[in-house]
Each structure stands twice: as C-alpha cells, then as structure tokens.
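Below is one structure, written out as structure tokens; the observations come after it.
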Amino acid sequence: MSSLAVSLIAFAFIFGGALLGMSLRGAMPQNHLSDDSKDSVKLGMGLVATMCALVLGLLIASAKTYYDTQNAELTEMSAKIVLLDRMLAHYGPETNESRALLRDAKAFAEGRQTARYPVSGDEPRNIYGTNPLVNVRTGIHTDS
C-alpha cells in the first residue's frame, strides 16, 4: 500500500470515529457527561498522545542512527578504496590491471548502491570470471 492510501484510510477512520462520537453523545446517560468523566477522558487522551510522541521520537532516532551508521561505513569504505589504490600505485605499472579491477569493482558497487536493485547480466568480471566484489582480494594479488 502506498503512503497516500494508508493516510487516507487513517483519516477516514479518525473522521468516522469523531462523527460516531458526536452521534452517540445524545444517547449517553447524564452521569457519563459530568466534569469528572470529561477530566478522566482528557487525562487518558493526554497519556495516549504522550506515548505516541515518545514512540514516534524513538522511531525517528532509530532511523537517524541507521542512516548515520550507513553513512560512516560508506565513508570508511571509500577511504579504504582510495588508500588501496594509492598503495597499488606506489608498486608501479605492474599493478595497473589490479587497479583497473579495483575501479571496476568500485563502479559496480556504486551502481548497485544508487540503483537499489540487483544488476544482472552486465556485472563486471575479473580475470577469474567471478564477481569482483566477491573476489577483489584475489584479483588484486594476482602478481604476487
């Protein structure tokens, strides 16, 4: 279900509940309409609203923590890829193939991250014919 459909259903139920409450007010006995009963209902509604706000705040905090963790992992992985590329560059021109495999693996991972769906058919392959994301270490250390 889309978020619009869920929100419209929620609105319909809330609005219907309000209309039902207004129509049942005339059928209620007089002792249920006293000030003490109204105060009890207000107190209960305040408690429900407070609990909803607490749960919503915890949900938002959890989502932000997840996002921050993913962002930190992505930053760390990017820094490690740059460091590995620079280290391979210091070994000279014999590591050009390994560096090219590293760039292909990075481009493939970047494409999967931005596309948000699995790539099929056009996956880059290393010299062993396997997915470079799975076998990056073997592809980089081929000259050893």
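This table checks each residue for (1) among the aliphatic types (A, V, I, L, M); (2) at negative phi; (3) modelled with pLDDT under 90; (4) assigned to a helix (DSSP H, G or I).
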| site | (1), (2), (3), (4) |
| --- | --- |
| 20 | yes, yes, no, yes |
| 37 | no, yes, yes, yes |
| 53 | yes, yes, no, yes |
| 56 | yes, yes, no, yes |
| 61 | yes, yes, no, yes |
| 64 | no, yes, no, yes |
| 68 | no, yes, no, yes |
| 72 | yes, yes, no, yes |
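Here is a list: 86, 137. Which entry is surrounded by fewer than 12 Cβ atoms within 10 Å (Cβ to Cβ), among the charged types (D, E, K, R) and at pLDDT 90 or above? So that I can check it myself, show each step before the final result.
Details: 137 fails: at pLDDT 90 or above.
Residue meeting the stated conditions: 86.
The values are calculated or read from the model by the stated rules, or taken from the named source; none is laboratory data. It should be emphasised that the depicted structure is a prediction, and the values quoted were computed from it without experimental measurement. Ideal geometry is used to build each Cβ from the backbone, glycine not excepted, and the neighbour counts take in all protein chains shown.
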